[in-house]
Amino acid sequence: MPPSPADRIRALPLWRSKVEPRPLGGGITNTNFVVEDGGAKYVVRLGDDIPLHNVMRFNELAAARAAEAAGISPALRHAEPGLLVIDFIEGKTFDEADVRANLAPVVELVRRAHVEVTRQLRGPALAFWTFHVLRSYIHALNDGDHRLKADLPIYGALAERVEALVGTTEIVFGHNDLLPANFIDDGNRLWLIDWDYGGFNTPLFDLGGLASNNGLDAAQRDEMLALYYGRTPDDALRLKLQAMLVASLLRESLWSMVSELHSAIDFDYAAYTAENLDRLKRAVAELDAMDAA
């Protein structure tokens, strides 16, 4: 019988004293613990490969190392298959309101991550092409006979529509999961954590995710684009962003639907699906209005 997660953590060779792992709540992809050792605190992240979600741990490890080297994410102290030990950041974990109130430093951190993590990355790394991910989810949901299977053709057509609206784009190594809780303010600076979904993608997906996950209104989306690109956005850029905002919400909805079928984590994925589909409906209505103008 394999050891429990806590026993596996206790047996790690890096500890200088006897440790007692404490569960860290909030994760809906991994199982996380906090460990105190020798006056320092660490986060231990446990998770195997999840091919259905494009999560491969060799890629997360490469991204975490690059993000540490870029000064974007905390130091990685230990890694082995299915387990990472990372410095615990004492600070405020953001919620949506915090992201909106600190939009300039948040966007600057994302922009720096796109530039510097891409430069620091070494060895094999995944792509996280949004529209491949969406198509893959739709196949998985069809195969799994999901309760909303009848709606999948609608979501497939929506994915094709927003891909056409985005058109050609530049490529960076993106974070691809800019939920508010992945930003931490230690009182002196911001950190960006959790690179499970890192991969080469258009920067517009991270910007769309930042907008959709944090409730940015039209003025705040314009501010975000101006901060990131260094110029006032035009209508063409606004439309591309809105298309990727829709893609981000569609991805989050389909991610949750796949997790309903396959995740063992104790989380109300059905409620999360409903929440994101409601957000998606509103975002599509806004896209329709912009596209018709």
May I ask you to verify whether Ala11 is outside the structural domain of Leu141 (by TED's automatic domain parsing), surrounded by 14 or more Cβ atoms within 10 Å (Cβ to Cβ) and either within 16 Å of the chain's Cα centre (by Cα) or of a type outside the set (Val, Ile, Thr) (or both)?
-> no
Would you pick out the residues in the stretch 107-143 that are part of a loop (DSSP other than H, G, I, E, B) and surrounded by 15 or more Cβ atoms within 10 Å (Cβ to Cβ)?
-> Leu121, Ala125, Leu126, Phe128, Trp129
Is there any pair linking a residue in the stretch 111-123 that is outside the structural domain of Pro203 (by TED's automatic domain parsing) and charged (D, E, K, R) to one that is part of a helix (DSSP H, G or I) and at pLDDT below 95, with Cβ under 8 Å and at least six apart or on different chains, and which?
-> none
Filter the stretch 263-290 for residues that are part of a helix (DSSP H, G or I), under 28 Å from Asn32 (Cβ atoms) and among the small types (Gly, Ala, Ser) and give the result.
-> Ala270, Ala271, Ala274
In the stretch 59-92, which residue that is in a strand (DSSP E or B) and of a type in the set (Asp, Glu) is farthest from Asp37 (Cα to Cα)?
-> Glu80
Pairs returned, first residue in the stretch 126-152 that is within 20 Å of Asp196 (Cβ to Cβ), second residue that is of a type in the set (A, V, I, L, M) and not in a helix (DSSP H, G or I), beta-carbon separation under 8 angstrom, 6 or more apart or interchain, are Leu126/Met56
For the stretch 217-224, state whether one or more residues are in a loop (DSSP other than H, G, I, E, B) and either free of Cβ contacts under 8 Å to residues at least 12 places away in the same chain or not assigned by TED's automatic domain parsing to the domain that holds Asp151 (or both).
-> yes
Report yes if some residue within the stretch 224-240 is within 20 Å of the chain's Cα centre (by Cα) and among the polar types (S, T, N, Q); otherwise report no.
-> no
Hey, among the residues in the stretch 69-106 that are under 15 Å from the mean Cα position of the chain (by Cα) and crowded, with 17+ Cβ neighbours inside 10 Å, which one's nearest to Trp195 (Cα to Cα)?
-> Ser73
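The values are calculated or read from the model by the stated rules, or taken from the named source; none is laboratory data. Since the structure is predicted, the reported quantities are computational estimates derived from the model, not experimental observations. Virtual Cβ from ideal backbone geometry, glycine too; neighbours counted across all protein chains shown.
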